[in-house]
Amino acid sequence: MRGSGFDPARGRLYNSRGAAVRASSMETFPADAPIFLVGFMATGKTTVGRILAARLGWRLVDLDEVIAREAGQSVPRIFEGEGEAGFRARETRALGAVSRERRVVVATGGGAACREDNLRTMLAAGRVVALAITPEEAVRRARGGAGRPLLSGPADPVATATALLEARAPFYARAHLSVDTVGRLPQDVARDVLAWVAVGGVGGVGSKGAP
């Protein structure tokens, strides 16, 4: 099978490399319900979200940008001044507001889905897509960049990323759809999500499960 898409004969959603993409059954949502992108840091949620929003004719909402704008300071500064607990409280408030919007693709921070209240809010409001990555790839992508307070400074960033990812994995696993990003272009990842949208992720008929 060439390209990504749903194969009715085999009942599976395939990515552009011909591998099955994990998708769970889910309740039907209105066609304009939000799409939430979750996953570990450096998975490309904002980049993929921008592509999805453009293809769907929707608006991209970067949750960290919303938080920073409302706080009047950058995310690293919020972490420095209020700690992670303060940032997470702001994140929960921002997510609650965004979840009531329509025709939006929401790119969340790496830890947003790892608070039970946040995850339940997203699962109830719209479609939740997890972008997957390995700890090594996350560190490679984040190296030299700013705005990664939980990975900046550790003597062994791979060990730090591994521990964080292991703790967060059970939350990410509850997403309606999971797509691998390692060794792939954002356009390819977005294509997989759009293929899922086309077969029911948006439009009121539900998703197709990939066993």
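The values are calculated or read from the model by the stated rules, or taken from the named source; none is laboratory data. Keep in mind the model is a prediction, meaning the values are calculated, not measured. As a convention, Cβ positions derive from the backbone with ideal geometry for all residues, glycine included, and neighbour counts pool all protein chains shown.
When the range 41-55 is filtered for residues that are in contact with a strand residue (DSSP E or B) (Cβ under 7 Å, 6 or more places away or on another chain) and farther than 23 Å from A138 by Cβ, only A53 remains. No other residue among V66, V61 is touching a helix residue (DSSP H, G or I) at 6+ places or on another chain (Cβ under 8 Å) and free of Cβ contacts under 8 Å to residues at least 40 places away in the same chain apart from V66. Counting only strands (runs of 3 or more DSSP E) that sit wholly inside the range 1-71, those with at least 1 residues that are at pLDDT 95 or above and β-branched (V, I, T) are 35-39, 59-62.
Taking the range 41-61, which residues are among the charged types (D, E, K, R) and surrounded by fewer than 19 Cβ atoms within 10 Å (Cβ to Cβ)? Steps first, please.
In the first step, residues of the range 41-61 are kept if they are among the charged types (D, E, K, R); the result is 45, 50, 55, 59.
Result: R50, R55, R59.
Give the residues of the range 89-118 that are assigned to a helix (DSSP H, G or I) and either surrounded by 20 or more Cβ atoms within 10 Å (Cβ to Cβ) or touching a helix residue (DSSP H, G or I) at 6+ places or on another chain (Cβ under 7 Å) (or both), sorted by residue number. Walk me through how you get there before you give the answer.
From the range 89-118, those assigned to a helix (DSSP H, G or I) are 89-98, 112-114, 116-118; that's our starting set.
Passing the criteria: R90, E91, T92, A94, L95, G96, V98, A112, A113, C114, D117, N118.
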